Structure formats: structure tokens, C-alpha cells
Amino acid sequence: MTPFEELLKIMQTLREKCPWDSKQTHESLKKYMIEEAYELLDAIDSKDDHRLKEELGDVLLQVVFHSQIAKERGAFDVWDVIETLNEKLIKRHPHVFGNESAQEVLSKWEENKVKERESVLDGVPKSLPALMRSQKLQDRASLVGFDFESIEQVFEKIEEEFRELKDAIKEGSKKAIKHELGDVLTAVVELARFLKVDAEECLQEANNRFERRFRYLEKRAKELGKDLKSMTLQEMDLLWMESKRFDYDNPQE
């Protein structure tokens, strides 16, 4: 028995005998697939191979889990999943498994995808993180020419959306504020597209910077014998500026 076959046997046994595993469904496991995917991304960023190996296993577990549930329903099993994947990989790479050039394949692939879709936006998952989904939707729309022609136009759009947000704030309508703030975020994602950077990665990196700097702020406040709640905003701002200098010198701290 191969290690993979042993894994399948373990999964089948868990479905038969484990109270928790036996009651899971495709729907109940959705959140775990998302969690495992993000933990895998953290492992990649950590550059820790042991952790990466472990998290890849956790993602594989989700594939095997869903396949076992589907097998019990009589829909398909993990071998069908693998066979479908093999066929897809070969079909999508005729420049490797056939005689076409890479450029011909790319051109045909885009054309075929457009033909298969009812809308150019089809296939962008609604469950993606909002920034990532926004960028993918805009990328798709740009395929048919729905796009700004210059970065100056993008900046003008951002300024326009900010003005409309300010007007909404003056009106005091929560619904209008959410609407206009969403438009501001969409315009900022458009700017990321023009700068050829990933909006989701930009925000994640900003989140990491904020966390590092705020933790530094907390640490320094303790060293000074102060409690953040009792400090003035001006005092905290001084420590924040200090944390930024520290962060530049020690970006991994």
C-alpha cells in the first residue's frame, strides 16, 4: 500500500468511526479549506520548509475529505479528481505535450475561455477576499476594453470618488457612505492594476507593518511604565514614529 492509498484508507475509517468526521459535509468543511489555504500562505511567507510541508498536507487532507464525501454520495472519488486534473493539465499545455508554440496556446486559451463564458466575469469566485476579487473582476473587464487609458484618469477617478464620499458623509446616510467608500476602494484597486501590483498583497503587507509597529508601541509603553489607555494620542504618536524608524531598520522584527 502506498502512502497515498494509506491516507485514503485512514480517511474512510475516520468517516466511519469518528463522531466529528462522520457528520461533516461539503458545506461544513468550506471554512476549513479557506483557513488551511491561508495557513499555507503564511508557511510560504515564513520560508519554513517543515511548516510548508505540514500545511501542504493539511490542504491535501481537505481534498481527500471532500473526495471521500463525494464517493459516499456516488458522485466521484479522489481518483476521478486526479484523472480530471491530468486531462486538464495536458489539454492546457499542448506546447508541452503537443506541437503548438507557447504563444499560440496562450492566444487560443484566452479565446476559448471567452467563448465558454456567458460573461467575461464568469469564473471569478464570490468567496475570494474582496480586494482580490475586485482586481480580478477589473482584469476581466479590461479584456474587452472596459478600462482607463492612463494612470492620470485613475487618479481623477479616485479624487471623484473621494468627493462623493465626503458628500455622503455630510448627508449622514450610512447606506450612501458604505456605497461611496466601496467605490473609493474599487478605484484604489484600479490604481494597483495600473501600477502592476497586487492589491491584496499590498494590504496584507500593510497589515503586517501595522501589527509590527503597534506591538513595538505596546512594548515601549511597558518599558516606560505606562499604560496605553492612559496615554495621550500625542504620546502614542511619538512612540508610533519611533516604531516606524525601528521597522525600517529591522523590517523582519
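The solvent-accessible area of Tyr38, taken with every protein chain present and a 1.4 Å probe, is close to 90 Å². Listed by chain and number, the lysines whose C-alpha is less than 22 Å from the C-alpha of Lys23, apart from same-chain residues fewer than 8 away, are Lys9, Lys31, Lys71. Converting phi to 3J(HN,Hα) with the Karplus coefficients 6.51, -1.76 and 1.60 and the offset θ = phi - 60°, region 75-81 yields 8, 6, 10, 5, 5, 5, 4 Hz in sequence order, with x at every glycine or proline.
Accessible surface for region 152-235, divided over its residues, is 74 Å² per residue with a 1.4 Å probe. Using a probe radius of 1.4 angstrom, the carbon and sulfur fraction of the accessible surface of the chain is 56%. Shape class for region 165-253: oblate, because the ratio a/c of the largest to smallest gyration tensor axis (alpha-carbon atoms, square roots of eigenvalues) is 1.5 or more and b/c is at least a/b. Computed over the chain with a Gaussian network model linking Cα atoms closer than 10 Å, the most mobile of Gln62, Gln234, Gln204 is Gln234. Principal-axis analysis of the Cα atoms of the chain puts helix 102-116 at an angle of about 90° to the longest axis. Its relative contact order, with pairs defined as Cα atoms under 8 Å and 6+ residues apart, puts region 30-171 at 9 percent.
In the structure shown, the pairs Lys47/Lys244; Lys126/Lys175; Lys53/Lys219 are assessed against 30 Å; a Cα-Cα span above that value is assigned to Lys53/Lys219. Using C-alpha pairs under 8 Å with a sequence gap of at least 6, the mean separation divided by the residue count of the chain gives a relative contact order of 10 percent.
Rounded to the nearest whole Hz, the Karplus-based 3J(HN,Hα) values (6.51 cos²θ - 1.76 cosθ + 1.60, θ = phi - 60°) of region 129-139 follow the sequence x, 4, 5, 4, 5, 4, 5, 5, 4, 5, 4, with x at glycine and proline. Which Cα, out of Gln138, Leu185, Gly74, lies furthest along the positive dipole direction of the chain (beta carbon charges, K/R +1, D/E -1)? The one lying farthest along the dipole's positive direction is Gly74.
Among the GluC sites (Glu not before Pro) in region 1-92, those placed in a DSSP loop whose Cβ has at most 12 other Cβ atoms within 10 Å are Glu27.
Net length available on complete extension from Val184 to Leu238 is 16.4 nm, with 0.36 nm assigned per residue and the Cα-Cα distance removed. Computed over the chain, the per-residue total of -39500 (n - 2.57) for DSSP H runs of n ≥ 4 gives a 222 nm mean residue ellipticity of -25000 deg cm²/dmol, rounded to 500. Any chance you could give the angle, 0 to 90 degrees and rounded to 10, that helix 233-249 forms with the longest Cα principal axis of the chain? With rounding to tens, the tilt is 50 degrees.
The values are calculated or read from the model by the stated rules, or taken from the named source; none is laboratory data. The model shown is predicted, which means the values in this text are computed figures rather than measured ones. For neighbour counting, all protein chains shown are included, and Cβ atoms are generated from backbone atoms with ideal geometry for every residue, glycine included. In case anyone asks, the SASA skips ligands and DNA or RNA and just uses the protein heavy atoms, side chains included. Shrake-Rupley method; radii C 1.70, N 1.55, O 1.52, S 1.80 Å.
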